[in-house]
């Protein structure tokens, strides 16, 4: 960005970087300045800066945006009014001035909230996907279990039918030899083997 382009919260661009208001004013004066809150009457809603050893005093004529906190309340048209500023007014002021650099500054100053929001953005969909995959696997497992149960039933039914078939095939042979003597049984076996 070109030099002196306005950026976050009254700051300006210097060498491609956004520098906050007090830091920019300090660069012009060749003194390191830091933001502070003026407490003298009539200056509560002006942008104030202080040096490492100096006192907090207004730097320039720029006023704080409406809804910003001041000494004993909130700023409204450059005047510090008693009480708390309307959260809705502060929200709309924030939304009106929202751009990428303001959003980045807000995220930096509210790092815990930013981490929580981004974590939720990632983990809620991820947990939903994992839950869907688990349900799908559980459904397949149930189907396989049902298939095994039905296979067991089929297997037991087929074993029963084979047992019944063997009984019907073997049973007449046994019944036929039940009343025979030893000699008759030997003869019957030989005849049976001859037939096969």
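No lab work stands behind these numbers, since they all come straight from the coordinates. Everything numeric here is computed off the predicted structure, so don't read it as measured data. Note that each Cβ is placed from the backbone with ideal geometry, even for glycine, and that neighbours are counted across all protein chains shown.
Given R0 = 30 Å, the distance between the Cβ atoms of residue 40 and residue 115 translates into a calculated FRET efficiency of 0.20. Stretching the chain fully between residue 4 and residue 76 yields a gain of 23.2 nm (0.36 nm per residue, less the alpha carbon separation). When 37, 146 are arranged by Cβ crowding within 10 Å, least crowded first, meaning fewest neighbours, the order is 146, 37. Fewest-first ordering of 39, 82, 44 by other beta carbons within 10 Å of each residue's beta carbon gives 82, 39, 44. In the range 16-83, the alpha-carbon atoms span a convex hull of 90 Å³ per residue. If R0 equals 30 Å, the separation of the Cβ atoms of residue 126 and residue 17 corresponds to a calculated FRET efficiency of about 0.30. Cβ crowding within 10 Å, taken as a proxy for footprinting-reagent exposure, orders 143, 23 from fewest neighbours to most as 143, 23.
Take each peptide in 48-54, 28-34, count the other Cβ atoms within 10 Å of every residue, and average; sorted highest first, the result is 48-54, 28-34.
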